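Structure first, commentary second.
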Amino acid sequence: MFEKYAEIYDKRGHMYHQAMRKWPDARHREFESLMNVARIEQASPVVLDVPSGGGYLASYLPKGAKLVSVDGASKFLESGKHDEAHQVICAEHDNIPMDDESADAILSLAGLHHIPDTVSVFQEWHRLLKKGGVLTIGDAQSGSPTTQFLDGVVNQFNSMGHRGDYLDTSQVKLLEQTGFQVEYSQEVSYPWEFKNCGQMLEFCRTLFCMDLEPSDDELLHAIQQSVGYSETEHECHLHWALFFIRAVK
Ligand SMILES: C[S@@+](CC[C@H](N)C(=O)[O-])C[C@H]1O[C@@H](n2cnc3c(N)ncnc32)[C@H](O)[C@@H]1O
């Protein structure tokens, strides 16, 4: 149903993993922000990560959590780093082969913008959650500098392009119409953290598979014109922000 971006990730996913493995802490604040909003408090919770990519959230989960990593891109998913204790399912967001009310929490980070119509996705996630279960979404807010980076800079320097459908208040309304109680919906800013500017550029080139090979100056300029960055003697911060939603069934 939503194949195109899953196919793109099967083609460029190895680069995404490479960046996440080489600089595992670059997006630390992003994962932490997601977990702060999620506030998973149940004992031994079943937690679905949709779309999971390579299972990067594993180390951020509460002790005893059972992680189920779900992604539509089979090659990308399988080449990720998945602990044996965790489950891996290749499936579309709106058709996940699990029983009704089998999850305590669903986490969805930086993936919903690939789904043009989220009605069936929210219905599916509502079906999967237990009563009182929590859905936490983190994705770019429509019109934000983060979307200018993704649909501007990534689109310019990745030969497969980039275009997303980003979060706005209509998604919050839709969640409520689906039966969720939305407890939190706000943009949160934080940096992607690097030791220096060179690392930031390499991370961006690799994670976003910028095969059109922008020069350092071109890429720095494009970053400055979109999300912005700041540099001190010991660190370089790419200014990032996502919109986070906490919705309870
Ligand atoms: C930017 S990555 C985010 C991965 C991970 N959550 C993270 O934060 O790094 C977007 C993910 O969406 C997945 N995806 C894109 N289109 C999809 C679709 N139609 N169905 C299922 N997954 C899809 C991709 O395979 C990829 O894993």
- Item | Length-normalised contact order for the chain - Cα pairs under 8 Å, 6+ apart - percent | 22 percent
- Rounded to the nearest 20 Debye, what is the dipole magnitude of segment 105-246 about its Cα centre when Lys and Arg each give +1 and Asp and Glu each give -1 at the C-beta? 840 debye
- Task: Would you work out if segment 25-68 is rounded, prolate or oblate? Take a ≥ b ≥ c from the square roots of the eigenvalues of the alpha-carbon gyration tensor; rounded if a/c is under 1.5, else prolate when a/b is larger than b/c, oblate otherwise.
- Result: oblate
- Note on the structure: Per its Cα gyration tensor (rounded if a/c is under 1.5, else prolate when a/b beats b/c, else oblate), segment 1-147 is best filed as rounded
- Query: What stretch of the chain, leaving out the sites themselves, is the longest with no GluC sites (Glu not before Pro) in a DSSP loop having at most 16 other Cβ atoms within 10 Å?
  - Reply: 102-232
- Only Lys, Arg (+1) and Asp, Glu (-1) charged, at Cβ; the chain dipole about Cα centre in debye: 460 debye
- Have a look at P51, A38, A19 and report the one farthest towards the positive end of the charge dipole of segment 1-58, computed about the Cα centre with Cβ charges (Lys/Arg +1, Asp/Glu -1). A19
- Query: Rounded to the nearest 20 Debye, what is the dipole magnitude of segment 123-202 about its Cα centre when Lys and Arg each give +1 and Asp and Glu each give -1 at the C-beta?
  - Reply: 260 debye
- Roughly what % of Cα-Cα distances in segment 121-205 sit above 21 Å, to the whole percent? 48 percent
- In nanometres, what is the gap between the two model label sites at H28 and E218, each 7 Å from Cα along Cα-to-Cβ? 3.3 nm
- Message: Tell me the net charge near E84. Cut-off is 15 Å between Cβ atoms, E84 excluded, with +1 for each Lys or Arg and -1 for each Asp or Glu.
- Response: 0
- Task: Once you have a ≥ b ≥ c as the square roots of the Cα gyration tensor eigenvalues for segment 1-75, tell me rounded if a/c is under 1.5, and otherwise prolate or oblate according to whether a/b is larger than b/c.
- Result: oblate
- Summed residue charge, Cβ within 11 Å of G111's Cβ, Lys/Arg positive, Asp/Glu negative: -3
- Summed side-chain charge close to S120 - residues other than S120 whose Cβ falls under 12 Å, Lys, Arg +1, Asp, Glu -1: -3
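Bear in mind that the values in this text are calculations on the coordinates, not laboratory data. Bear in mind that the values here come from a model prediction, so they are computed numbers and not experimental data. Backbone-built Cβ (ideal geometry, glycine too); neighbour counts: all protein chains shown.
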